[in-house]
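Following: one structure in structure tokens, then a few remarks.
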Protein chains: 6
Amino acid sequence: MSVREAIWGEKKERIEEALRALDEDLYRYIRDFAYEEVLARPGLDLKTRELLAITALIALGSPKELATHLEGALRVGATEEEVRETILQSALFLGFPRALAAMKLWEKVRRGGAYPGKGEERPLEDEA
Amino acid sequence: MSVREAIWGEKKERIEEALRALDEDLYRYIRDFAYEEVLARPGLDLKTRELLAITALIALGSPKELATHLEGALRVGATEEEVRETILQSALFLGFPRALAAMKLWEKVRRGGAYPGKGEERPLEDEA
Amino acid sequence: MSVREAIWGEKKERIEEALRALDEDLYRYIRDFAYEEVLARPGLDLKTRELLAITALIALGSPKELATHLEGALRVGATEEEVRETILQSALFLGFPRALAAMKLWEKVRRGGAYPGKGEERPLEDEA
Amino acid sequence: MSVREAIWGEKKERIEEALRALDEDLYRYIRDFAYEEVLARPGLDLKTRELLAITALIALGSPKELATHLEGALRVGATEEEVRETILQSALFLGFPRALAAMKLWEKVRRGGAYPGKGEERPLEDEA
Amino acid sequence: MSVREAIWGEKKERIEEALRALDEDLYRYIRDFAYEEVLARPGLDLKTRELLAITALIALGSPKELATHLEGALRVGATEEEVRETILQSALFLGFPRALAAMKLWEKVRRGGAYPGKGEERPLEDEA
Amino acid sequence: MSVREAIWGEKKERIEEALRALDEDLYRYIRDFAYEEVLARPGLDLKTRELLAITALIALGSPKELATHLEGALRVGATEEEVRETILQSALFLGFPRALAAMKLWEKVRRGGAYPGKGEERPLEDEA
């Protein structure tokens with residue numbers, strides 16, 4: 001299974017189509033370099049990698065990309081508790097406003113059922 | 001064992017003295033809230049927490065505090081490979097300059113033997 | 001009067017309910033550590049603290065949390081002029097784009113009447 | 001032609017009215033210092049200046065101000081390819097999430113026809 | 001008294017010489033726009049303005065410029081307690097690493113006697 | 001000529017040795033992806049790319065990596081005036097402290113003769 005299948009799950013085709021339509025080269029860099037080269041490296045499991053990604057995205061304050069990896073973390077085996085702890089800890093290093101904004105987004109991801117086993121009434125991309 | 005003992009290791013007394021001399025209340029917040037309340041939470045092991053801290057500190061670009069947690073990650077059981085992977089992955093989310101600066105600092109931490117079992121010829125704090 | 005009552009004013013109950021529903025522990029940290037321990041410290045009046053909070057939030061670029069403290073500043077006695085000057089000055093240190101985005105948000109807060117004495121036709125949280 | 005006419009084009013009057021209504025002094029600083037003093041300096045052509053502005057705004061993560069300069073770059077003679085390359089390159093220095101968010105915004109600017117020769121069905125300011 | 005005299009104090013001539021030698025136009029912008037136009041505005045006293053500057057510079061993580069305004073805050077009438085509270089509060093909004101780095105720098109400023117009434121054995125610029 | 005030869009010039013071998021000694025994989029990513037894939041793209045000349053890199057690095061506040069690209073800009077044909085204008089403009093978007101720190105570093109690069117035709121008495125890497 002490719003890293004993209006693991007992280008993007010049932011949304012893989014939709015995300016890939018959207019990325020290709022957006023920019024063919026940026027899609028290729030994200031696919032070949034970011035996902036299948038760097039995130040695919042051994043030495044750190046995908047679950048830990050997704051929690052690191054969440055932390056980096058809380059630091060950047062990028063809601064849409066954060067939502068992608070909040071869902072991705074769950075798909076590669078993180079528990080809801082582990083994601084929550086990652087967000088809570090970010091308050092220490094990045095400040096309470098960043099942690100609070102991330103927790104609100106995380107609630108939307110959970111409520112929206114945007115990962116397997118929850119149903120998916122409303123697409124997160126449209127509201128984040 | 002307190003979280004501070006686990007992360008600061010043999011430097012615990014020295015770091016605590018320095019922090020107390022710096023500011024009694026900031027020391028108290030770091031000790032009681034940051035370390036023994038938030039970092040001490042169950043739900044995520046200390047090793048993962050330290051890798052998350054490293055990512056947040058790469059994002060901030062704070063070399064001294066990053067050095068503390070590069071050492072701390074090793075003390076709570078992260079392998080050198082796991083720390084390295086954490087730094088390499090940060091290039092994707094935070095850009096190559098951040099990852100490169102972190103890797104240079106990581107090399108100093110490793111060379112300086114600033115964690116148990118390596119000896120400690122030169123104190124990292126003075127050069128970071 | 002608690003710091004939360006001073007800063008959140010008539011929205012206190014609504015904000016607390018929302019925070020508790022979001023995450024019980026994050027709420028507790030915000031209440032007990034952020035508001036009633038650190039912001040409650042003597043040595044700096046609440047008005048100055050709120051102007052400092054506004055500056056930090058302009059730096060972070062966090063609109064919802066910024067809106068909370070734009071309102072909060074007024075509740076603890078800052079004049080509209082003082083808030084405006086805080087935003088204008090941020091252009092020097094954080095750049096014009098940050099200052100401009102903050103000024104647009106500030107206009108919404110003023111127009112929305114989201115603080116005592118102005119009425120509150122539309123809740124800011126929904127549009128920020 | 002003033003720098004504002006060059007960068008804001010047919011939207012100049014609308015933008016100036018909005019800025020003046022927002023804050024008279026901030027408008028004056030943006031007009032007299034930012035645009036007609038600094039951006040008007042010789043030594044670097046306006047096209048390069050707008051690509052630099054785009055990079056700075058990708059770093060800040062400020063979507064509305066970024067949209068203004070994505071349009072502005074085209075007005076002062078940048079090709080769509082040059083803007084796209086500026087965004088792609090930002091992935092190296094600022095990380096993929098920043099580049100991806102900027103590329104999505106750039107697509108909206110292009111689709112929305114928010115610059116001369118494309119028509120302007122929907123104002124970008126309202127959706128960015 | 002100009003704002004520069006108030007904030008830079010006995011270092012005014014030295015700082016101005018250094019800035020002019022560095023870049024004549026940047027010096028002019030800092031003098032005429034930053035200090036004597038924006039910081040000189042009424043509506044907010046200089047002491048509050050310097051505490052806001054400190055907060056913005058903690059957010060940026062710029063040690064040399066932060067040192068300048070830590071000293072400046074004292075010169076325009078801030079007490080050591082007010083500066084310390086400003087730094088402590090930054091932990092909430094910008095995270096503990098930023099607050100800790102600022103507190104260390106603040107200790108150097110106080111020890112170095114880099115403001116009136118303390119003597120000035122070692123110039124801060126060289127070590128910050 | 002490779003992009004690395006163009007940007008790193010006479011320092012290419014030294015930089016490559018240092019990067020390889022630091023981390024073989026990070027070196028490979030920087031060489032094959034950052035320099036020879038993305039920076040080597042057509043559609044934007046290397047001079048403009050280096051000015052964009054300078055802007056991104058001023059935003060990040062990364063002095064060593066900024067020094068590399070201040071030198072690199074000159075090697076690929078930017079004039080001293082163009083580099084200076086890039087730094088001056090950054091004050092508008094990223095604030096005066098960032099611009100001032102960059103201008104000081106730029107002075108060191110110029111004084112240090114760290115690019116062809118100036119001699120190279122003292123290696124910039126050691127002081128930046």
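The values are calculated or read from the model by the stated rules, or taken from the named source; none is laboratory data. Keep in mind it's a predicted model, so treat the numbers as computed, not measured. Every residue, glycine among them, receives a Cβ derived from its backbone with ideal geometry; neighbour counts consider all protein chains shown. For the accessible areas, the whole protein counts, side chains as well, though only heavy atoms, and no ligand, DNA or RNA atoms are used. Shrake-Rupley method; radii C 1.70, N 1.55, O 1.52, S 1.80 Å.
So the values come out like this:
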| read-out | value |
| --- | --- |
| Radius ratio Rg over Rh of segment C:14-74, counting only Cα atoms, Kirkwood formula for Rh | 0.98 |
| Carbon and sulfur %, accessible surface of the protein assembly as shown computed with the full protein complex present, 1.4 Å | 49 percent |
| Cβ-vector label at 7 Å, E:Asp25, separations to other copies in nm | 2.7, 3.0, 4.5, 4.5, 5.3 |
| Full-stretch length increase - B:Glu81, B:Glu17 - with 0.36 nm per residue and alpha-carbon distance subtracted | 19.9 nm |
| Kirkwood Rh in Å, taken over all unlike Cα pairs in chain B | 14.9 Å |
| Share of Cα-Cα pairs in segment D:44-115 lying beyond 20 Å, as whole percent | 16 percent |
| Rounded to 10°, Cα long-axis angle of helix C:12-22 versus longest principal axis of chain C | 80 degrees |
| Relative contact order (%) - chain F, alpha-carbon pairs under 8 angstrom, separation at least six | 23 percent |
| Approximate shape of segment D:1-41 as ellipsoid semi-axes (Cα gyration tensor, √5λ), whole Å, largest first | 16, 14, 5 |
| Shielding score for B:2-11, defined as the mean number of other chain Cβ atoms within 10 Å | 0 |
| For B:Arg41, label point 7 Å along C-beta direction: distances to other copies, nm | 2.3, 2.8, 3.9, 3.9, 4.6 |
| About the Cα centre, charge dipole magnitude for the protein assembly as shown (Lys/Arg +1, Asp/Glu -1 at Cβ), debye | 0 debye |
| Accessible area buried at the F-E interface, both sides summed, 1.4 Å probe (Å², nearest 100) | 1300 Å² |
| Amide N proximity, segment C:47-70 versus C:Met1 label position 7 Å along Cα-to-Cβ, cut-off under 13 Å | C:47 |
| Efficiency of FRET from Cβ geometry, D:Arg28 and D:Lys64, R₀ 25 Å, rounded to 0.05 | 0.80 |
| Over 19 Å (Cα to Cα) - which of D:Lys47/F:Lys47; E:Lys64/E:Lys108; D:Lys11/D:Lys108; B:Lys108/F:Lys108; F:Lys47/F:Lys108 fall in this group | B:Lys108/F:Lys108; F:Lys47/F:Lys108 |
| Within 10 Å of each Cβ in D:62-69, the average number of Cβ atoms from other chains | 3 |
| Per-residue mean of C-beta atoms belonging to partner chains within 10 Å, peptide B:22-35 | 5 |
| Assigned charges on the beta-carbon of Lys, Arg, Asp, Glu; segment D:1-41 dipole about Cα centre (debye) | 140 debye |
| Closest approach to the axis - chain C beta-carbon, rotation onto A, Å | C:Gly61, 3 |
| Base-10 log of normalised Debye intensity for the protein assembly as shown (one unit scatterer per alpha-carbon) at q = 0.08, 0.09 Å⁻¹ | -0.62, -0.81 |
| At 7 Å out from Cα toward Cβ: F:Met1 inter-copy label distances (nm, ascending) | 3.4, 4.9, 5.5, 5.5, 6.8 |
| Cα-centred dipole magnitude for chain F, charges only on beta-carbon of K, R (+1) and D, E (-1), debye, nearest 20 | 340 debye |
